[in-house]
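To start, the structure itself, in structure tokens.
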Amino acid sequence: MPPQDAEQARWFAEEVQPHESSLRAYLRNRFPGHPDIDDLVQETYARLLQAREAHPVHAPRSFLFATARNAALDFFRRRQVVAIDGLAEIDLLPVLEDRPGVAETVCHDQELQLLAAAIQALPARCRQVMTLRKIYGLTHRDIAQQLEISEHTVNAQLAIGVLRLRTYLRAHGVTGTHD
């Protein structure tokens, strides 16, 4: 499935995709500790498409690289472990159960049902690509071979899928770092 409109697909193919190999090289060199460059590229594409919906992007290459850098930095910021004072006293706390409460479990189940609905709302090809990548963990190359499409199409479908899922979830009230 192409992006939502022909203009967006044309812009993405002409202004963004030609820079993918340099973007990947930049990310590998600048952030060698990142565990999944493919996911970082997809997050970058999703952010770029979302930003373009809000306002015109006049320097796509520069914006692409700045967005990728910010996405990588966000990943490492979220990964940092925060020290908790008084950790030695944790054994003294009265804990009856170590399971989530009923409200938390119900909330989690509702979010999973909403995510399933969001995935079902994706166009068929986009849903296939997202499922193969995020659920089965296939590489972009493996997905392209299995579906007999180009790797660029895989990249575009993943970026569109992430953007549409994010939009769907936000429209249904799911916000925060887990979207």
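Here, each number is a calculation from the coordinates, and none is a lab measurement. Note that the structure is predicted; figures quoted are calculated from it, not measured. Cβ placement follows ideal geometry from the backbone for every residue including glycine, while neighbour counts extend to all protein chains displayed.
Brief remarks on what is shown
- The simple Förster model, with R0 at 25 Å and r as the Cβ-Cβ distance, assigns Arg78 and Glu148 a FRET efficiency of 0.10.
- Quick note on the stretch 21-84: its Rg to Rh ratio, both from C-alpha atoms and Rh being the Kirkwood radius, is 1.03.
- Over the C-alpha atoms of the stretch 106-159, the Rg to Rh ratio, Rh being the Kirkwood estimate, stands at 1.07.
- Computed 3J(HN,Hα) for the stretch 65-70, one whole-Hz value per residue from the Karplus formula 6.51 cos²θ - 1.76 cosθ + 1.60 where θ = phi - 60°, is 5, 5, 5, 5, 4, 5, glycine and proline marked x.
- Computed label-point distance, nm, for sites Arg30 and Trp11 using a 7 Å Cα→Cβ extension: 2.2
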